[in-house]
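Report on the structure given below.
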Amino acid sequence: MTDFKQKLRRFFSDSSLFRRIYIIDLFFTNIAFLQIPAYVLLVFLFIWGVCLVVYNQRRNNTFFKLRFGIWIGAFLAVTVFSILLNFSQTILYSLVMLLHSVMCFFLFYGMHTEPDFDYRIELYHIAKFITYITTVMNIIGISCLMFGIKFEWYWIKFTVYENRFTGCYVNPNLLGFIAVVSIFCCHMLSKGHFMRRIAEKIPEPGISKIWIVACLATNIFSLILCDSNASLVLALGYAIVYIVYMFFADKAGLSPSKIILKITALFLVGVFLTGSALMFRTICQEGFSVVVSKTTSVVDLLLGKTESELVQEDLTPEQREQLEKDKITFSHENKNIDSGRKKLWLESINLFKLSPIVGISNGNIVLYSAEYSNGALEYSYHKSDLHNGFLTILVSTGIIGFVLFGIFGFRFAKHSAQHLFLQKKTYRDDVYPCLFAFLFAYLFFACFEKALLYDISFMVVWFWLIMGYMSCYITKFEPTLESQCLFHGKRLKRITRTML
């Protein structure tokens, strides 16, 4: 009985195990037929996470070991003050978001405070899981699409949602984000098969090249067919930032002429990638639309429909019009480039004016929109958030909270960049540049989606998970940083010091 209690205690005190289960459960909240059970489990996992925060604080003194913890603590204090100042019937929601923020800061970003924690093993297992599960989900979704299997059931729009491919997921934008995450995981795993499974610390068989290729192919197709502009920005941002690193991670020093030449080359590469990606997406969408139309016709014939029923010339005008409406083109029905976000962003200005210093508290965004503004926000999936992570923080915590969060983010970004470029050895064959590129690209992505902090979702928690792995890299390898020669003369000095 004593052994069982000890095992149970070790299980519930294992932060790494919690992170794996939590992120996997959040992933399944995006799968159409698994969403409800995943959310039910999430309630219990959330309680476990809150208890784990308290336990880790008592055991590891997490807050006082947290890098840049002073800014996180000040931001959380402003958040609490804003909640109390804007007390309303939504205070329970605000408190849940506060606890969620604490978990993001202390359990995910704060993983570098855990003693004897091998973060790369955890990262490898999560990346491997994402690669396997997304490949299976995409194969099911694309196969069903090819055979014309689509239907609507309550909130589930299986394979097609508003003329866009959604596959097994609940929303095309979520599919797009997960597709980019999967490509990112494949890239990491391909780094010497994640540095030969972290120098053989992981004895299990590695992932095969067939899985890697299948994952890349199916996720690229899914990213194209879901027509998510924000996810395309994330993918392009990731590629461009990674290329920037490959261009400038030069240990020999950079002359002014070299810098100008590389910046020009990067600009041309960025323009080429963006233009070719947009053109490739358009061509693939049109081509796949024809393929789906043909395969659906073949399936209809096999199911017993006569060929004359499938010939458009034999249809009435009403039937032709309905046929055109039903035709899948994999492009937005809403032709506005902002996809309706401009209305939400304009609403954020009115909400910001209500309490510009300390904000209105995150739980009051929808409530105050209806009571004091234009009512552009409502309790629905598409309109319950400002769809801009920075604006959401600004409106929720005001100028003070936004500045504090910005200082924390800037200091972390500064140290991350220094670690990337001012090191005694290159990290070209490591996964650290991948982590850096993804987080940097995510900042652009956060301008268009429910991201950064105030949303209990795979999208947000994944950001803090990757940020946590980067913090572990910085904490472990920071002593290897050195001065970097610029322009063959001046040097950037790096002083290592311990800070909150």
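The values are calculated or read from the model by the stated rules, or taken from the named source; none is laboratory data. Owing to the predicted nature of the structure, the values given are computational and were not obtained by experimental measurement. For neighbour counting, all protein chains shown are included, and Cβ atoms are generated from backbone atoms with ideal geometry for every residue, glycine included. SASA here: full protein model, heavy atoms, side chains in, ligands and nucleic acids out. Shrake-Rupley method; radii C 1.70, N 1.55, O 1.52, S 1.80 Å.
Tabulated results
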read-out: Failed item in (1) out of contact with any helix residue (DSSP H, G or I) (no Cβ under 7 Å at 6 or more places or on another chain); (2) open to solvent by 30 Å² or more (accessible area, probe 1.4 Å); (3) farther than 29 Å from F412 by Cβ; (4) at pLDDT below 90, with C144 passing the rest; value: (2)
read-out: Elements of type helices (runs of 4 or more DSSP H) contained in the range 1-103, each with 2 or more residues being farther than 25 Å from I121 by Cα; value: 2-12, 35-60, 69-85, 91-103
read-out: Residues located in the range 212-235, provided they are closer than 21 Å to A127 by Cβ and touching a helix residue (DSSP H, G or I) at 6+ places or on another chain (Cβ under 6 Å); value: I212, A214, C215, L216, T218, N219, S222, L223, S231, L234, A235
read-out: Helices (runs of 4 or more DSSP H) fully within the range 352-466 counting 3 or more residues that are touching a residue at least 60 places away in the same chain (Cβ under 8 Å) and buried (at least 23 other Cβ atoms within 10 Å of the Cβ); value: 389-421, 432-445
read-out: Candidates L41, L34, filtered to the one that is open to solvent by 10 Å² or more (accessible area, probe 1.4 Å) and either modelled with pLDDT of 95 or more or touching a Pro at 6+ places or on another chain (Cβ under 9 Å) (or both); value: L41
read-out: Test: residue in the range 11-24 that is open to solvent by 90 Å² or more (accessible area, probe 1.4 Å) and touching a residue at least 60 places away in the same chain (Cβ under 8 Å); value: no
read-out: Selection within the range 137-157 - under 24 Å from the mean Cα position of the chain (by Cα) and more than 20 Å from V292 (Cα to Cα); value: W155, I156
read-out: Yes/no for T166 being in a helix (DSSP H, G or I), touching a residue at least 12 places away in the same chain (Cβ under 8 Å) and of a type outside the set (F, W, Y); value: no
read-out: Contacts under 6 angstrom Cβ, first residue in the range 82-95 being farther than 20 Å from I400 by Cα, partner open to solvent by 100 Å² or more (accessible area, probe 1.4 Å) and of a type outside the set (D, E, K, R), 6 or more apart; value: none
read-out: Top-ranked residue of the range 216-236 - restricted to ones that are in a helix (DSSP H, G or I) and polar (S, T, N, Q), ranked as most open to solvent (accessible area, probe 1.4 Å); value: N229
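Per-residue answers, yes or no, for (1) at positive phi; (2) crowded, with 19+ Cβ neighbours inside 10 Å; (3) not charged (D, E, K, R):
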site	(1), (2), (3)
W155	no, no, yes
C168	no, yes, yes
N173	no, yes, yes
V180	no, yes, yes
C185	no, yes, yes
L189	no, yes, yes
P203	no, no, yes
K209	no, no, no
